[in-house]
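Structure below; questions to follow.
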Amino acid sequence: MLKRKDLLGLRDLGRDEIIEILDTAKEMKKKIDNPALRDCTLGKSSIITLFYENSTRTRMSFMLAGSYLGGIVQDLGVAASSVSKGESLIDTGLNLDKMGVRFMIMRHQMTGAAAVLARNVNASVINAGDGTNEHPTQALLDMYTIRDYLGGFEGLKVVILGDISHSRVARSNAFGLVKLGAEVTLAGPSTLVSGSMKSLGVNVTSDIKGALADADVVMGLRVQFERQKNMPFPNTREYSTLYGINSSMLNYAKKDALVMHPGPVNRGVEFASDIIDGPNSVINIQVKNGVAVRMAILKLLYEAGASTDR
Amino acid sequence: MSLLIKGGRVIDPANGIDEIMDIFADGGKIAEVGRDIEKAADRTINAEGKWVMPGLIDLHVHFREPGYERKETIRTGSRAAAMGGFTTVCCMPNTNPVTDNDIVVEFIKLKAERAGIVNVLPIGSLTKGMEGEVLSDIGRMASAGVCALSEDGKSVLNAALMKNAMRYASMFDLPVFDHCEDPSLTGKGQMNAGAQAAYMGLAGISNDSEEVIVARDMILAESTKTPIHLCHISTKGSVTLIRQAKERGVRVTAEATPHHFTLCDEDIRDYDANYKMAPPLRSREDREAIRLALKDGTIGVISTDHAPHHVDEKNCEFQKALNGIIGLETSFCLAHTELVLGGYLTPSQLVEKMSTNPGRILHNGKGTLSAGADADITIADPNEQYTIDVDDMVSKAKNTPFGGREVKGRILYTIVGGEIVVDGGKLIKK
């Protein structure tokens, strides 16, 4: 059983914990389509989302997941809160703690912010993305989707393409997929993928066609224009010419390869539109699975807390 | 007041001394160093089994006054220095206002006189406001008594301006202490680039960010025929560059900090910002290069870069946390444990790095136990083993990663101008 206060990343999660979350998510998924199955698993626990960075999918997905399980869900509008008056992260957390918040779900632009919050508050902290570190729930929903379609991970060839160096999604997926036996290749222009990532147990390459050969999963990442100061490539036209995936590029991968993307997509940059909307794409399925995975995490952390008499 | 130190192992590299001797000091000066001195003294210290060294000198500290007194003051900083065996410290100019004119220099000297218990020497900035645009009032600061010039935490990025600053400083015989870092290469980096940064998801700072300025400023020292002192060298590549420059006769000296020869990036844990500093803790390989450079003399000085910060400035997001750690109270014990007991330095070489060589760079007559010199003396027990306890520290700040570490070597006496300020390991002046 998941025995932890917080979910900060896949780096710290054991293999069994990952499997438990994925198994639980399978149960939870039924509640998405069938409101009659929604219940009070979380016993009216308070759930606060704190997003220091913008988000469509993750925040809404967490809020719905909490609601489907009978939590009381509120969003702390960070822009309109005392954060804008300079209140520190720790002080913000301590205040929410005192109001009886059971879960703090945070996205933050700085690596390690979730860890800092977690060690200062009693509430369970769920990392919804911290800097260039981790985005564990995204990786878990990706893994859920992969397992759902392909049956498992052992020996699977997963290629993650694009802006690797800024991507917490790539990192969380690498940690998780490697633990479960997949062969992970990170591919992108040499200025966006660092050789030091090899230490995570993955392949690193700038040879896009070589990376795609016989791939079971092709995961694209958004080029994070907002994080670039010194542009690591000349322009988006050149990027999409060299690294964008269109149907002829996709032919290098296995015929039924899954096409995945955490969103939001820059259409025509990392993936051509016909790929995004094509038969191999599970991009929208990922979003649905995200709600299930987040329900599972809330449920498991809630039960872990209840059993340890917080 | 007269003072007799009996039977200690006197280590004074400036005079080639490393043997059991006595020291007699009177009127604030060293009067005699020799065997079996029999003289009546106001105070006699039995130093048997102890090291008796010229007072330790730290070329690189931040006492935060004026401007950031909640982090440290000259009062608290000088007490931390005394507890660490330092009799002379040089204060970096990143105060508020910046130490870029004679008025601030006079203020620091006044505070040092009133509240300091060791020699506190101000360093002036190279450029006005440390903004890298126009020279500070270097001549007026020289008259007011700065011991050196430095842009502290940054490099003067305009090479022509740096060249002018070096030439102008040489006119006043002022050493230039050079922080080497190209900020465009540091970028948003938070720790050393490499496997550990990849593991932790923090943006990396590559070694070249230091090395390009090390190379540039040694070239400028060569072309202007002026000396340059390179602060807190952290990379293997910098060591190689310095070694090559010394071979061709460039007047370069360099320092390393205790944290860079003790720790490496693999030690960084739990996003604990007490491991965050500039330059960052480098790789294991870099650390070994620094130790070897200390051993072969390529790096001749150990400085602490004592950088006090308030707890709120460290107990926060790693990226938001300020750079630097305190170091005065742990410098000697770490240097002794890591470098002497670690087999890199002889005791005499250690004293050279912590007193003799910094004294030579300041060329103010410090760093020696010669007769006639100021009676700045440090006595340490090399055999005392203990665990570093942050709560025991007298610095106002507690930002150090060394709490809980086992070390060997404790400062017992710090004597400044013949006056005992640390006596038997205890601070005399509160």
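Would you confirm whether or not the range B:24-36 contains a residue that is small (Gly, Ala, Ser), open to solvent by 60 Å² or more (accessible area, probe 1.4 Å) and out of contact with any Lys or Arg (no Cβ under 9 Å at 6 or more places or on another chain)?
Checking the range B:24-36: at least one residue is small (Gly, Ala, Ser), open to solvent by 60 Å² or more (accessible area, probe 1.4 Å) and out of contact with any Lys or Arg (no Cβ under 9 Å at 6 or more places or on another chain).
May I pose another question? Could you pull out the residue among A:Val169, A:Val101, A:Val116, A:Val159 that is on the phi < 0 side of the Ramachandran plot, crowded, with 22+ Cβ neighbours inside 10 Å, facing chain B (nearest Cβ under 10 Å) and among the aliphatic types (A, V, I, L, M)?
The conditions single out A:Val116.
Only one of these conditions is not met by B:Gln190: (1) open to solvent by 20 Å² or more (accessible area, probe 1.4 Å); (2) more than 14 Å from chain A (Cβ to nearest Cβ); (3) more than 21 Å from the chain's Cα centre (by Cα). Which number is it?
Result: B:Gln190 passes all but (2).
On to the next question. If you take the residues in the range A:119-148 that are under 10 Å from A:Leu8 (Cα atoms) and β-branched (Val, Ile, Thr), which one is nearest to the other protein chains (Cβ to nearest Cβ)?
A:Val125
Keeping to the range A:1-46, report how many residues are under 19 Å from the mean Cα position of the chain (by Cα) and part of a strand (DSSP E or B).
1
Same structure, new question: When only residues in the range A:1-33 that are more than 14 Å from chain B (Cβ to nearest Cβ) and touching a strand residue (DSSP E or B) at 6+ places or on another chain (Cβ under 6 Å) count, which is farthest from A:Asp130 (Cα to Cα)?
Per the stated criteria, the residue is A:Lys5.
Something else about it: Which one of the conditions (1) more than 14 Å from chain A (Cβ to nearest Cβ); (2) crowded, with 23+ Cβ neighbours inside 10 Å; (3) not small (Gly, Ala, Ser) does B:Lys236 fail to meet, given that it meets all the rest?
The one condition B:Lys236 does not meet is (2).
Which of the residues belonging to the range B:273-318 are within 14 Å of another protein chain (Cβ to nearest Cβ), part of a loop (DSSP other than H, G, I, E, B) and of a type in the set (Gly, Ala, Ser)?
Correct list: B:Ser283 only.
May I ask you to list the residues in the range A:52-67 that are over 14 Å from the mean Cα position of the chain (by Cα) and either open to solvent by less than 20 Å² (accessible area, probe 1.4 Å) or outside the structural domain of A:Asp33 (by TED's automatic domain parsing) (or both)?
A:Ala65, A:Gly66 - these are the residues of the range A:52-67 that are over 14 Å from the mean Cα position of the chain (by Cα) and either open to solvent by less than 20 Å² (accessible area, probe 1.4 Å) or outside the structural domain of A:Asp33 (by TED's automatic domain parsing) (or both).
Let me ask you something else. Among the residues of the range B:38-68, how many are open to solvent by less than 10 Å² (accessible area, probe 1.4 Å), over 21 Å from B:Thr257 (Cβ atoms) and in a loop (DSSP other than H, G, I, E, B)?
Counting residues in the range B:38-68 that are open to solvent by less than 10 Å² (accessible area, probe 1.4 Å), over 21 Å from B:Thr257 (Cβ atoms) and in a loop (DSSP other than H, G, I, E, B) gives 1.
Could I ask something else about it? Does B:Gly237 satisfy being assigned by TED's automatic domain parsing to the domain that holds B:Ala321, within 30 Å of A:Leu8 (Cα to Cα) and touching a helix residue (DSSP H, G or I) at 6+ places or on another chain (Cβ under 9 Å)?
No; evaluated as a whole, the condition is false for this residue.
Rundown of residues vs (1) of a type outside the set (Ser, Thr, Tyr); (2) under 26 Å from B:Ile268 (Cβ atoms); (3) surrounded by fewer than 22 Cβ atoms within 10 Å (Cβ to Cβ); (4) not assigned by TED's automatic domain parsing to the domain that holds B:Leu263, yes/no style:
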site: B:Ile290; (1), (2), (3), (4): yes, yes, no, no
site: B:Thr330; (1), (2), (3), (4): no, yes, no, no
site: B:His336; (1), (2), (3), (4): yes, yes, no, no
site: B:Leu339; (1), (2), (3), (4): yes, yes, no, no
site: B:Thr346; (1), (2), (3), (4): no, no, yes, no
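Still on this model: Which of the residues that make up the range A:136-151 are touching a residue at least 24 places away in the same chain (Cβ under 8 Å) and open to solvent by 20 Å² or more (accessible area, probe 1.4 Å)?
Across the range A:136-151, the qualifying residues are A:Arg147, A:Asp148, A:Tyr149, A:Leu150.
If I filter the range A:186-236 down to residues being assigned to a strand (DSSP E or B), open to solvent by less than 10 Å² (accessible area, probe 1.4 Å) and under 24 Å from B:Ala193 (Cα atoms), which single residue comes out as farthest from the other protein chains (Cβ to nearest Cβ)?
In this case the residue turns out to be A:Ala187.
Among the residues of the range B:156-187 satisfying the criterion of being among the aliphatic types (A, V, I, L, M) and in a loop (DSSP other than H, G, I, E, B), which is most open to solvent (accessible area, probe 1.4 Å)?
By that ranking, first place goes to B:Leu157.
When you go through (1) modelled with pLDDT under 95; (2) part of a helix (DSSP H, G or I) one by one for B:Asp270, which number turns out not to apply?
(2)
Pull up the range A:245-265, narrow it to residues that are open to solvent by less than 40 Å² (accessible area, probe 1.4 Å) and over 12 Å from A:Leu212 (Cβ atoms), then point me to the one that is farthest from the other protein chains (Cβ to nearest Cβ).
For the range A:245-265, the residue satisfying everything is A:Leu258.
The values are calculated or read from the model by the stated rules, or taken from the named source; none is laboratory data. Just so it is clear, the model here is predicted, and its values are computed rather than measured. Neighbour counts run over all protein chains shown; Cβ positions are idealised from the backbone, glycine included. To get the accessible areas, we keep the full protein, side chains included, count just its heavy atoms, and leave off ligands, DNA and RNA. Shrake-Rupley method; radii C 1.70, N 1.55, O 1.52, S 1.80 Å.
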